[in-house]
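The values are calculated or read from the model by the stated rules, or taken from the named source; none is laboratory data. Being a predicted model, the structure only gives us computed values, none of them experimental. Note: ideal-geometry Cβ built from the backbone for every residue, glycine included; neighbour counts use all protein chains shown. What goes into the accessible areas is simple: the full protein's heavy atoms, side chains included, and nothing from ligands, DNA or RNA. Shrake-Rupley method; radii C 1.70, N 1.55, O 1.52, S 1.80 Å.
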Amino acid sequence: MTGFTVYPAIDVRDGRVVRLAQGDYARETRYEGTPLEVAMRYAAQGAQWLHLVDLDAARAGGYTLAPLLGEIARTTPLKVQTGGGVRGRNDVARILDAGAERVVIGSLSVRDPDAVVAWLAEFGSERITVALDTRRDDDGTWRLPVHGWTETASGTLDDFALRYADAGLRHLLCTDIARDGMLSGPNLDLYAHLRTTLPGLAVQASGGVSAVADVIGARETGCAGIVLGRALLEGRFALPEALAC
């Protein structure tokens, strides 16, 4: 397939590049280099996109990375999809104005889908990425935990993904919580399921990547892209290897 995009990821907390294991703020690993330095390194290695996450805002609300986003836009050719702490329409507009190509909307896309559907209509399908973090329950259904993954939304992954697809969503970022930050391989069955049920969505795989073979697997499954976090930061493989897949 064509158009497969590799998104190196930078998660920022307290101004540092970090990764969380399964989204747990108590299980944080810090990495060398400022967020801008890491972004510039990825750009020099050939990346066209960057996935930038404001972990402080994801917990407390109020996106804080606009100055960093502006610096990345000024000093690199990277296109940035970014989120964390999006709580309202003005947050979306402010992040786009700061230089983002796309705004990633996570927990709010489960808590208030009506608002997100309205933003899709206002800002356009190329400016919004809906991020759905999912966990498979004992009966095999993909559920959507919310509130720090401590509660579960009433609808399923399929319910929400279909609603957004019907509303014109193009970009869906989906993370298997059990794989996130664990280097255990992405859940290709999950992405095959999404591609089968909603072939019109450009699905971004996220969580668990540990080898170039995982990138190839996601592409062959039909994903439109893949987010690479811990594996790149820890040198499991080099970004140019992934870009060459």
Check your understanding: Roughly how many debye, to the nearest 20, is the charge dipole of the stretch 116-245 about its Cα centre, given +1 on each Lys and Arg Cβ, -1 on each Asp and Glu Cβ, and no other charges?
Key -> 280
Study note, to complete from the structure: Measuring from its Cα centre, the stretch 63-185 shows a charge dipole (+1 at each Lys and Arg Cβ, -1 at each Asp and Glu Cβ) which, in debye to the nearest 20, is 420
Revision key, fill the gap. Residues whose modelled amide H sits under 5 Å from the amide H of Val146, counting only those 5 or more places away in sequence or on another chain, are Glu151, Thr152, Ala153
Study note, to complete from the structure: With every protein chain in place, the accessible area of Tyr63 for a 1.4 Å probe, in Å² rounded to the nearest 10, comes to 10
Practice item. Using only alpha carbon pairs under 8 Å that are at least six residues apart, calculate the relative contact order of the chain and give it in whole percent. Key: 19
Review point. Which of the listed residues, Thr175, Ser206, Ala242, is farthest toward the dipole's positive end in the stretch 99-245, when Lys, Arg count +1 and Asp, Glu count -1 at the beta-carbon?
Key: Ala242
Practice item. Could you pull the accessible area for Val117 with a 1.4 Å probe, rounded to 10 Å²? Key: 40
**Study point:** Residues whose placed amide H lies under 5 Å from that of Thr175, excluding near-sequence neighbours
**Key:** Leu132, Asp133, Thr134
Check your understanding: Where a ≥ b ≥ c are the square roots of the eigenvalues of the C-alpha gyration tensor, would you call the stretch 71-175 rounded, which needs a/c under 1.5, or, failing that, prolate if a/b is larger than b/c, or oblate?
Key -> prolate
Practice item. Return the long-range amide H neighbours of Leu52 (sequence gap of 5 or more, or a different chain), with a cut-off of under 5 Å between placed amide H atoms. Key: Ile10, Gln81, Thr82, Gly83
Check your understanding: HN-Hα J couplings of the stretch 33-48 from phi, Karplus 6.51/-1.76/1.60, θ = phi - 60°, integer Hz, Gly and Pro as x?
Key -> x, 6, x, 5, 4, 5, 4, 5, 5, 5, 5, 5, 8, x, 5, 9
Check your understanding: How much net charge surrounds Asp166 when only the other residues with a Cβ under 15 Å from the Cβ of Asp166 are counted, with Lys and Arg +1 and Asp and Glu -1?
Key -> -1
Check your understanding: What is the sum of charges around Gly140, taking Lys and Arg as +1, Asp and Glu as -1, for the other residues whose C-beta is under 13 Å from the C-beta of Gly140?
Key -> -2
Exercise for review: Answer with a single label: of [x] 17.7; [y] 19.4; [z] 18.8, which was calculated as Kirkwood radius over Cα pairs in Å from the structure in view?
Suggested key: [x]
Practice item. Give the percent of DSSP beta bridges with both residues in the chain that are antiparallel, rounded to the nearest 5. Key: 25
**Study point:** Listed residues Ser206, Ser154 arranged by accessible area, highest first, probe 1.4 Å
**Key:** Ser154, Ser206
Study note, to complete from the structure: The alpha-carbon center of the stretch 153-186 and that of the stretch 9-48 are separated, in whole Å, by 22
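Please state the charge dipole magnitude for the chain, taken about the Cα centre, from unit charges on C-beta atoms (+1 on K and R, -1 on D and E), reported in debye and rounded to the nearest 20.
With only Lys, Arg, Asp and Glu charged at Cβ, the dipole is about 420 debye.
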Practice item. Assuming a ≥ b ≥ c are the square roots of the Cα gyration tensor eigenvalues, decide whether the stretch 1-41 counts as rounded (a/c under 1.5), prolate (otherwise, with a/b larger than b/c) or oblate. Key: oblate
